[in-house]
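The values are calculated or read from the model by the stated rules, or taken from the named source; none is laboratory data. Just so you know, these numbers come straight off a predicted model, no measurement behind them. All Cβ positions, glycine included, derive from the backbone under ideal geometry; neighbour counts span all protein chains shown.
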2 protein chains.
Amino acid sequence: MISKACQYGIRATIFIVSRHHDGVKLNISEIAREVDAPEAFMAKILQVLSKHRIITSLKGPYGGFFIEDFQLEQPVIKIVNAIDGMSVFEECGLGLKQCSASHPCPMHDQYKIARDALQNAFLHTSLRKLAQEVNEGDSFIKNLALKKSESC
Amino acid sequence: MISKACQYGIRATIFIVSRHHDGVKLNISEIAREVDAPEAFMAKILQVLSKHRIITSLKGPYGGFFIEDFQLEQPVIKIVNAIDGMSVFEECGLGLKQCSASHPCPMHDQYKIARDALQNAFLHTSLRKLAQEVNEGDSFIKNLALKKSESC
DNA sequence: TTAATAAAGGATAAAAATGTCCTTTATTAA
DNA sequence: TTAATAAAGGACATTTTTATCCTTTATTAA
């Protein structure tokens, strides 16, 4: 559905947004640890996100990754687009290049419903909104699968 | 979303169903050619479908692949399950093992809508129904992306 | 019983995705 | 200016997916 790299990217971004206060910067090893991703792989992904201006990075001591105010309202789909591209939302379910609304394959209509629902899920969720739902706590990753209202 | 192997499998099955009359059997090379898949890879996939009793195969001269009457009403999801498994319909969008209805991640509700839509697309479409929509013609693959009503 | 035919199945190869290691570049404080 | 720190980036390794090749097994007709 969506690549592992992309999932790591979304998790990392949510983590960064959830720690967005007063000039806090996070380094690769901390991010990788908290979102449960291999460090060097996480580094590559953060690089992509930074180049796409989804997050911001600074080199050197006191550097790291963080998110700026103007970046908070971006929809998650920007992450998907940066890492996986938009093809999941566009391609035919049977892998037919000829398939389109005017030349539909037998699964087209049903499949399009699912594809569009997926696109909407990522399009209508902003980074800020996602991070709002995250609980405080020792382990980011454990609290990620736990709505704020349902905190233990 | 769904693997290439699985797409080949669905296309092959639609092709076989669309040729389902009076003891017609199709061999690997013909199927592979018509659904535009590499022959040896197609063979492996047909083997899986045959073992799962989604289609039927017979060895030897006058052998080949075909579908029996009792197999026509199977939903396409059986093919997906045989080749990719059911994990696409079950796993968390952010790749979290802890995520569930009672412990939802911030994307859970939105993502579930898309996941369920995908599952329904495959669950509520039978092989027979799919093949019904396919046009007659020289090239199966070209006519696949063309509803019967819109035939040229 | 033999030759021919077609799928089954094992082994291997190529490509893509994931993951790792190490060097370079930028920035900071001393 | 130097040493330390952290991201950028290049090269490589591993794993998974996709694809190919070749041998074996089953079936048929002659």
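Out of A:Ser57, A:Ser102, which single residue is loosely packed, with under 13 Cβ neighbours inside 10 Å and among the small types (Gly, Ala, Ser)?
Unique residue meeting the criteria: A:Ser102.
Could you tell me which of the residues B:Leu96, B:Leu26, B:Leu46 is under 29 Å from A:Ile10 (Cα atoms) and either touching a residue at least 40 places away in the same chain (Cβ under 8 Å) or not hydroxyl-bearing (Ser, Thr, Tyr) (or both)?
Criteria check complete, one pass: B:Leu96.
Assess whether A:Tyr111 counts as being surrounded by fewer than 16 Cβ atoms within 10 Å (Cβ to Cβ) and over 19 Å from B:Met107 (Cβ atoms).
Numbers: surrounded by fewer than 16 Cβ atoms within 10 Å (Cβ to Cβ): no; over 19 Å from B:Met107 (Cβ atoms): yes.
No; evaluated as a whole, the condition is false for this residue.
How many residues does segment B:44-58 contain that are assigned to a helix (DSSP H, G or I) and away from chain A (no Cβ under 14 Å)?
Counting residues in segment B:44-58 that are assigned to a helix (DSSP H, G or I) and away from chain A (no Cβ under 14 Å) gives 7.
Kindly evaluate B:Arg33 against the criterion of being within 14 Å of DNA strand D (Cβ to nearest atom) and either closer than 15 Å to A:Leu94 by Cβ or basic (Lys, Arg) (or both). Write out each step before concluding.
Numbers: within 14 Å of DNA strand D (Cβ to nearest atom): yes; either closer than 15 Å to A:Leu94 by Cβ or basic (Lys, Arg) (or both): yes.
When the stated conditions are applied, B:Arg33 passes them.
Of everything in segment B:7-52, what is under 16 Å from B:Ser139 (Cβ atoms), in contact with a Pro (Cβ under 9 Å, 6 or more places away or on another chain) and buried (at least 23 other Cβ atoms within 10 Å of the Cβ)? Give them in sequence order.
The answer is B:Ile14, and nothing else.
Would you confirm whether or not segment A:118-128 contains a residue that is closer than 30 Å to B:Ser18 by Cβ and either modelled with pLDDT of 95 or more or more than 9 Å from every other protein chain (Cβ to nearest Cβ) (or both)? Don't jump to the end; show me each part of the working.
Going residue by residue through segment A:118-128, those that are closer than 30 Å to B:Ser18 by Cβ are A:118.
Checking which are either modelled with pLDDT of 95 or more or more than 9 Å from every other protein chain (Cβ to nearest Cβ) (or both) leaves us with A:118.
Within segment A:118-128 (the criterion being closer than 30 Å to B:Ser18 by Cβ and either modelled with pLDDT of 95 or more or more than 9 Å from every other protein chain (Cβ to nearest Cβ) (or both)), the answer is yes, since at least one residue qualifies.
Determine which single condition B:Ile67 fails, assuming it passes every other condition in (1) away from chain A (no Cβ under 14 Å); (2) exposed (fewer than 14 other Cβ atoms within 10 Å of the Cβ); (3) in contact (Cβ under 8 Å) with a residue 24 or more places away in the chain.
Condition not satisfied by B:Ile67: (2).
From the list B:Phe41, B:Phe70, which one is more than 15 Å from DNA strand D (Cβ to nearest atom) and assigned to a helix (DSSP H, G or I)? Please lay out each step first, then the result.
Details: B:Phe41 fails: more than 15 Å from DNA strand D (Cβ to nearest atom).
That would be B:Phe70, the only listed residue that is more than 15 Å from DNA strand D (Cβ to nearest atom) and assigned to a helix (DSSP H, G or I).
Scanning segment A:81-108 for residues that are in a helix (DSSP H, G or I) and facing chain B (nearest Cβ under 10 Å), which turns out farthest from the chain's Cα centre (by Cα)?
Filtering segment A:81-108 for residues that are in a helix (DSSP H, G or I) and facing chain B (nearest Cβ under 10 Å), the one farthest from the chain's Cα centre (by Cα) comes out as A:His108.
Can you pull out the residues in segment B:1-23 that are more than 13 Å from every other protein chain (Cβ to nearest Cβ) and over 18 Å from B:Asn135 (Cα atoms)?
The first filter runs over segment B:1-23 and keeps only residues more than 13 Å from every other protein chain (Cβ to nearest Cβ), leaving B:16, B:19-23.
Across segment B:1-23, the qualifying residues are B:Asp22, B:Gly23.
Looking at A:Gly9, is it within 13 Å of DNA strand C (Cβ to nearest atom), in contact (Cβ under 8 Å) with a residue 24 or more places away in the chain and touching a Lys or Arg at 6+ places or on another chain (Cβ under 8 Å)? Give the derivation first.
Details: within 13 Å of DNA strand C (Cβ to nearest atom): yes; in contact (Cβ under 8 Å) with a residue 24 or more places away in the chain: yes; touching a Lys or Arg at 6+ places or on another chain (Cβ under 8 Å): no.
Answer is no for this residue.
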